[in-house]
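A quick write-up on the structure given underneath.
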Amino acid sequence: MAALMTLVLLRVDPAQVVAYLRRPVLVAALLAWLLLACPLLTFAVTWLTGLDGPLGAALVIMATGCAATSSPAFARLVGLDGEVALVVAVLSTLLIPFSAPPLALGLLGIDLSISITALTGRLALVVGLPLILSLVIRRLAGPKRLEHWGRAVDGAVVLLVVLYGFGIMDGVLARLLAQPGFVLGGIALAFAGSFALNAATAAAFAPTGRRLALSAGLLSGNRNMALYFAVLPASTDPRILLFFALCQFPLFLSPFLLRPVYSRLRV
């Protein structure tokens, strides 16, 4: 996970991110919505619908996650605002150690068999160490060398993502055969949660323009669950961890499933 994060951040030019911050109020609003409002909204929905237990808790934890690092690429692929997606994906990743633990473990009281301090420390380590390594490598290598090796770095990222996918999905088929109802229900809930966050966010930011609102929705509906796999203890309820694995289905499929919708609405 640390190697993947380092390579992803290595391809992000800090000066470029700063240059993209031409609308700081909008970016701040997007971050506040993604990292604070969405978890609270999801918690309210699970409480009102009586969706308690591990699946309800996992759905709320999913909503506390940062935007997936693949979001900028997906946004460009479906004709949305990759610039805003890049800024929000990077900044939400850097902020998640300070937003998710107090929300999930403190305010919402979800039991993940880990303290707020420990979870904050682990997330800070998983995010902070790759950030420092990427900055050091960028300084030593220089922009020209990084540009030259850019495709190789992107290829390494793809390879690590594939390996991560194999690892995270290990055992899912066995669980499907043993508990088909739970696994299929989890997949349905993962898609429902992703689409609901997408739609709610797009509606909330509709006054900013359709293209930006749809981009915000894509960011909100696609969250990075890999960080939680890296930091949660082995004593965490396995059904919560299974749900995080099932969230990979909407993460990779929803941008393509929603592409016709984006094409019709972004005009």
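The values are calculated or read from the model by the stated rules, or taken from the named source; none is laboratory data. Just so it is clear, the structure is predicted and the values come from calculations on it, not from any experiment. With ideal geometry, Cβ positions are generated from the backbone for all residues, glycine too; neighbour counts draw on all protein chains shown. For the accessible areas, the whole protein counts, side chains as well, though only heavy atoms, and no ligand, DNA or RNA atoms are used. Shrake-Rupley method; radii C 1.70, N 1.55, O 1.52, S 1.80 Å.
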Two pseudo-spin positions, 7 Å from Cα along C-beta at Ser113 and at Arg145, lie apart in nanometres by 4.4
Point-to-point label distance, Phe98-Arg23, nm (Cα→Cβ direction, 7 Å offset): 2.4
Ala37 paired with Val136, simple spin-label distance in nm, labels 7 Å along Cα-to-beta-carbon: 3.9
Amide H contacts of Arg223 (H built 1.01 Å from N, under 5 Å, at least 5 apart or other chain): Ala68
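In Å², and per residue, what accessible area does the stretch 176-267 have when probed at 1.4 Å with the other protein chains present? Each step should come with its number before you reach the end.
Working: 3880 Å² over 92 residues.
Solvent-accessible surface per residue comes out at 42 Å².
With a 1.4 Å probe and every protein chain kept in, tell me what percent of the accessible surface of the stretch 50-119 is carbon plus sulfur. Provide the component values of the computation, followed by the final result.
On the way: 1440 of 2220 Å².
C and S atoms contribute 65 percent here.
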Keeping every protein chain present and rolling a 1.4 Å probe, give me the accessible area per residue for the stretch 37-79 in Å². 39
Give me the accessible area of Leu133, 1.4 Å probe, in Å² rounded to the nearest 10. 80
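Can you give the FRET efficiency to the nearest 0.05 for Asp237 and Ala199, using r as the Cβ-Cβ distance and R₀ = 35 Å?
0.80
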